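Okay, so here's the structure we're looking at.
The values are calculated or read from the model by the stated rules, or taken from the named source; none is laboratory data. Nothing here was measured: the structure is a model prediction, and the numbers come from that model. Reconstructed Cβ throughout: ideal geometry from the backbone, glycine too, with neighbour counts over all protein chains shown. These accessible areas exclude ligands, DNA and RNA; they are computed on the full protein's heavy atoms, side chains included. Shrake-Rupley method; radii C 1.70, N 1.55, O 1.52, S 1.80 Å.
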Amino acid sequence: MSEIHRLKSQIISRFSLGGFQIRSEASTFLAQQLQLLDETERKKWITNVANHVQGQCLSLPVVEKQHIELAIKEANNTGLDDTETVFKVISAFEVPSFVYCEEKKKFLLDTKKRSLLAAPDGKSHYIRERYWTLWQKTCRHEKFSRRTTPGMEDPNSGTNLVLRKVENILSTSKMNDVVLLGLLTQLTEGRYYLEDPTGSVPIDISTATYSSGLFCEGCFLLAYGKYRDGVLKVEEIGFPLPELAASSRAFFGTVNSWGGPSKTLLKFSRNLNELEKANVEHSLVFLSDCWLDNPVVIDKLEQLFRGYDDFPPVAIILMGPFAKKNENVYSLKTHFAKLGEILSNCEKLKSQTDLVIVPSIDDPAAANILPRPPIPDVLTGELKKRFHRTILTTNPCRLQYCTQQIVVCRADLVTKLCRNTIHFPKEGLLEEHFARSIINQHTLAPLTPIAFPTHWNYDAVLSLYPLPDLIVIGDPCQGFHITEQECTVMNVGSFPKSKFAFKVYYPSSKAVEDSQIPDEE
């Protein structure tokens, strides 16, 4: 008797004791899931699954495969509250928006109804909210917050800097040691200004010393210099100072600032934290540029799915574009059906792994602007039918695995920042400068909307404040990963252009693994 048949006999016997008849397909499926476990664990899981099936209150005493799948999922989530989920995909249109209240010194939920068609003041509103977010955290930084008794300041200490607003500077004819936080703009051709809610001032950056980062029009800068004759002569220029996520969250309280069904932030869930630490083998797989119209890419994806069918990850995240050539939009329907056919042969992936589909701006059928809606069901219906755990989501989107917070965005962000920078750094790695740019700016889009179009009313989904645990970018440039301020920034790179390389993230250890599909001999 084979191992599977022996396991099936044990399963049938256990369900019979509870008065249930289990279908052959269901008992085979459960036996396959338990095959790799030792004898003690097998008995434990058979009993556990049987108890959960009994709790489903079936209308007939016949157990189908879907009842077993649900029971396994419930068994894995034992001990969690109703709103605590192991893995959740959060759409861009479900991300909550918060505004900073100066009086209460905290962030409050913005309850205004949002739509893609923003009001005329929508642009100024989201830029102003970005400014106040950066202003409040900069004011709290030790370089600007005065903790000594008035009149007892140490003139040699580095905490005597005063953060100014534009109106303070314009009210005088000259001022030394000016520190200004403002938006870098060109109000007149070839002339840069720093702008804040109180006004704008022309700046001279011809001899300025730059800190590390990619400085673009549309980002916020901290400038130090002297104000003379209506111009701020900048001596040093840098990004707003960074802040750890733990410090930022103190100004949100326990409210769910991340998104999802829970009213409280799951980051603080003890149950999920213990579950996350216990499952050291759990992983998330990320790929970008999944060209389904390319036969070689399809073959490599099939290799990947077959390889992971023995050790299923929590989720496989596929980012677009899903066609190298967009000559016929409806041809994608056939390609997604082919993907579903491949996945339908992977039994363990079907029961244990979520497939997340993140579109690019080149995929149909939406404009070149973020956030972008999911790929239409008319193109992916066959994929969802064959692989039920398919999740169609927006670009960008947010993921929640236990207590881990992950932002996913398929866009040429590294390329965009490099093309629009006013000062390209001569030293340091590109990935370091890119990571510092988005982390210190606390947004995925620290540049002018002309270069990176976004929906004004949904700027909150681009926000990186408080910092997440992982930021995943799908840029065609070379893949990399780097950690800044306890936040990992990872570029997946192009799956076909990188000889079929991809990234694997292990939430328990926050480790990133560079992987590649080998050539078949």
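Before moving on, here are some points about what is shown:
- Scan of segment 295-308 for residues that are open to solvent by 30 Å² or more (accessible area, probe 1.4 Å) and either under 16 Å from PRO518 (Cβ atoms) or part of a loop (DSSP other than H, G, I, E, B) (or both), ordered by number: VAL296, ASP299, GLU302, GLN303, ARG306, GLY307, TYR308
- Qualifying positions in segment 340-356 - open to solvent by less than 70 Å² (accessible area, probe 1.4 Å) and in contact with a Pro (Cβ under 7 Å, 6 or more places away or on another chain): LYS348, LEU349, THR353
- Count of residues meeting criterion [under 30 Å from LEU30 (Cα atoms) and either in contact with a Gly (Cβ under 6 Å, 6 or more places away or on another chain) or hydroxyl-bearing (Ser, Thr, Tyr) (or both)] in segment 322-358: 3
- Every listed requirement among (1) open to solvent by less than 30 Å² (accessible area, probe 1.4 Å); (2) of a type outside the set (Phe, Trp, Tyr); (3) at positive phi is met by ILE90 save one, (3).
- Whichever residue in segment 186-196 is modelled with pLDDT under 95 and under 34 Å from the mean Cα position of the chain (by Cα) and, among such residues, is least open to solvent (accessible area, probe 1.4 Å): GLN186
- Entry remark, segment 487-502: residues being within 20 Å of ASN294 (Cβ to Cβ), assigned to a strand (DSSP E or B) and either out of contact with any helix residue (DSSP H, G or I) (no Cβ under 9 Å at 6 or more places or on another chain) or open to solvent by less than 10 Å² (accessible area, probe 1.4 Å) (or both) number 1 in total.
- Selection within segment 341-361 - of a type in the set (Gly, Ala, Ser) and assigned to a loop (DSSP other than H, G, I, E, B): SER344, SER360
- Tally, over segment 95-108, of residues that are aliphatic (A, V, I, L, M), part of a strand (DSSP E or B) and under 14 Å from ASP459 (Cα atoms): 1
- Output for segment 48-64, where each listed residue is under 16 Å from LYS8 (Cβ atoms) and open to solvent by 50 Å² or more (accessible area, probe 1.4 Å): GLU64
- Neighbours by Cβ (under 8 Å, 6+ apart or cross-chain): first from segment 404-428, at positive phi; second open to solvent by 10 Å² or more (accessible area, probe 1.4 Å): GLY428/SER212
- Which numbered condition LYS325 fails, given (1) over 22 Å from SER508 (Cβ atoms); (2) out of contact with any helix residue (DSSP H, G or I) (no Cβ under 6 Å at 6 or more places or on another chain); (3) at pLDDT 95 or above; (4) not hydroxyl-bearing (Ser, Thr, Tyr): (3)
- Where VAL472 falls short, out of the listed (1) modelled with pLDDT of 95 or more; (2) surrounded by fewer than 23 Cβ atoms within 10 Å (Cβ to Cβ); (3) among the hydrophobic types (A, V, I, L, M, F, W, C): (2)
- Count of segment 98-130 residues which are within 23 Å of the chain's Cα centre (by Cα) and in contact (Cβ under 8 Å) with a residue 12 or more places away in the chain: 13
- CYS290, sole failed condition from (1) more than 27 Å from ASP412 (Cβ to Cβ); (2) in a loop (DSSP other than H, G, I, E, B): (1)
- Applying the criterion of being outside any helix (DSSP H, G or I) and of a type in the set (D, E, K, R) to the residues of segment 262-287, the residue that is modelled with the lowest pLDDT is LYS263.
- Of all the residues in segment 324-339, those that are in contact (Cβ under 8 Å) with a residue 12 or more places away in the chain and either surrounded by 22 or more Cβ atoms within 10 Å (Cβ to Cβ) or part of a helix (DSSP H, G or I) (or both) number 8.
- Filter pass, THR380 being crowded, with 20+ Cβ neighbours inside 10 Å and under 13 Å from the mean Cα position of the chain (by Cα): no
- Residues in segment 426-450 that are in a loop (DSSP other than H, G, I, E, B) and open to solvent by 20 Å² or more (accessible area, probe 1.4 Å): LYS426, GLU427, GLY428, LEU429, THR448, PRO449, ILE450.
- Scope segment 249-294; condition small (Gly, Ala, Ser), touching a Lys or Arg at 6+ places or on another chain (Cβ under 6 Å) and open to solvent by 20 Å² or more (accessible area, probe 1.4 Å); matching residues: GLY260
- Subset of segment 217-248 (residues that are open to solvent by less than 30 Å² (accessible area, probe 1.4 Å) and outside any loop (DSSP other than H, G, I, E, B)): PHE220, LEU221, LEU222, ALA223, GLY225, TYR227, LEU232, VAL234, ILE237, GLY238, ALA245, SER248
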